[in-house]
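Below is one structure; the comments refer to it alone.
The values are calculated or read from the model by the stated rules, or taken from the named source; none is laboratory data. Just so we're clear, the structure is a prediction, and the values are computed from it rather than from any experiment. Cβ placement follows ideal geometry from the backbone for every residue including glycine, while neighbour counts extend to all protein chains displayed.
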Amino acid sequence: MRERLEAESVVVRSFGLEDVEPLHAAVCESVDEVAPYETWCHHGYTADEAAAYVGWWIEARREKTAFYYAVEDARTGQLLGACGLSAYSAEHRHAMLGYWVRSSRTGEGIATRAASLVCRAGFEGLGLIRISVMVPTENRGSQRVAEKLGAVREGVLRCELILPAGPSDVIVYGLLSEDLATR
């Protein structure tokens, strides 16, 4: 998969070791909004944890098990969040989409633009047939991103994720290349 994509003032590019400090800063800024929906995000998030995450993303790309991208502002270079495909199956041509954007930049369409770039790369570069998005029922912002991408709501899985507050139901969205092409 390509390692740098750009559209409408947003760049998605593969993670590098230079992203540890900017990632740490973005996560620390965003803990209150991100932590309820992500087990890796918490108050007291450390630079060592950011380094471990960046290292995991680099290794997963090398092993072709996940393809996560740093999301940055094309004008300023500021790290805005992350977006990527995980649970990649070459056999079944399927992956799961995940995304988050730093709190000071939410509501600008950044997650939707970044996710669109990543999904296009998955369909074209990996030959994916389907991308799934699983969003906690309480996370209306992430649901809006999935819907803006053209993903189809397929149902609710009960107690699918264990989040910091406990078991959570998730809405499952499915995205096919033709769904994305219509947006």
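So that you can scan it fast, the table gives a plain yes or no per residue for (1) among the hydroxyl-bearing types (Ser, Thr, Tyr); (2) under 22 Å from SER9 (Cα atoms); (3) part of a strand (DSSP E or B):
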| position | (1), (2), (3) |
| --- | --- |
| THR112 | yes, yes, no |
| GLU124 | no, yes, no |
| GLY127 | no, no, no |
| CYS159 | no, no, yes |
| TYR173 | yes, no, yes |
| LEU180 | no, yes, no |
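Here is the figure for the stretch 41-97: residues that are in a loop (DSSP other than H, G, I, E, B) and closer than 21 Å to LEU149 by Cα total 3. Keeping to the stretch 98-110, report how many residues are assigned to a strand (DSSP E or B) and either crowded, with 22+ Cβ neighbours inside 10 Å or at pLDDT below 95 (or both). Residues meeting the conditions: 3.
Residues in the stretch 50-66 that are among the charged types (D, E, K, R) and either in contact with a Phe, Trp or Tyr (Cβ under 7 Å, 6 or more places away or on another chain) or touching a residue at least 24 places away in the same chain (Cβ under 8 Å) (or both): ARG61, LYS64. When ASP179 is tested against (1) in contact with a His (Cβ under 8 Å, 6 or more places away or on another chain); (2) modelled with pLDDT under 95, only condition (1) is not met.
The single condition among (1) surrounded by 14 or more Cβ atoms within 10 Å (Cβ to Cβ); (2) among the charged types (D, E, K, R); (3) at pLDDT 95 or above that GLU154 does not satisfy is (1).
The residues listed here are GLY150, GLY174, GLY166; of these, the one that is more than 20 Å from VAL101 (Cα to Cα) and either acidic (Asp, Glu) or in contact (Cβ under 8 Å) with a residue 24 or more places away in the chain (or both) is GLY174. A single entry from VAL54, VAL27, VAL71, VAL11 fulfils the requirement of being crowded, with 16+ Cβ neighbours inside 10 Å and under 25 Å from ALA165 (Cβ atoms): VAL27.
Scanning the stretch 129-147 for residues that are part of a helix (DSSP H, G or I) and of a type outside the set (A, V, I, L, M), we see that the one that is nearest to GLU63 (Cα to Cα) is SER142. Return a yes/no flag: does the stretch 83-94 have any residue that is in contact with an Asp or Glu (Cβ under 8 Å, 6 or more places away or on another chain) and at pLDDT 95 or above. Looking for residues that are in contact with an Asp or Glu (Cβ under 8 Å, 6 or more places away or on another chain) and at pLDDT 95 or above, one finds none in the stretch 83-94, hence no.
Only one of the numbered conditions (1) over 23 Å from THR76 (Cα atoms); (2) of a type outside the set (A, V, I, L, M, F, W, C); (3) out of contact with any Pro (no Cβ under 7 Å at 6 or more places or on another chain) is violated by TYR37, and that is (3).
Condition check for ALA25 on (1) assigned to a helix (DSSP H, G or I); (2) of a type outside the set (Lys, Arg); (3) within 15 Å of the chain's Cα centre (by Cα): one failure, at (3).
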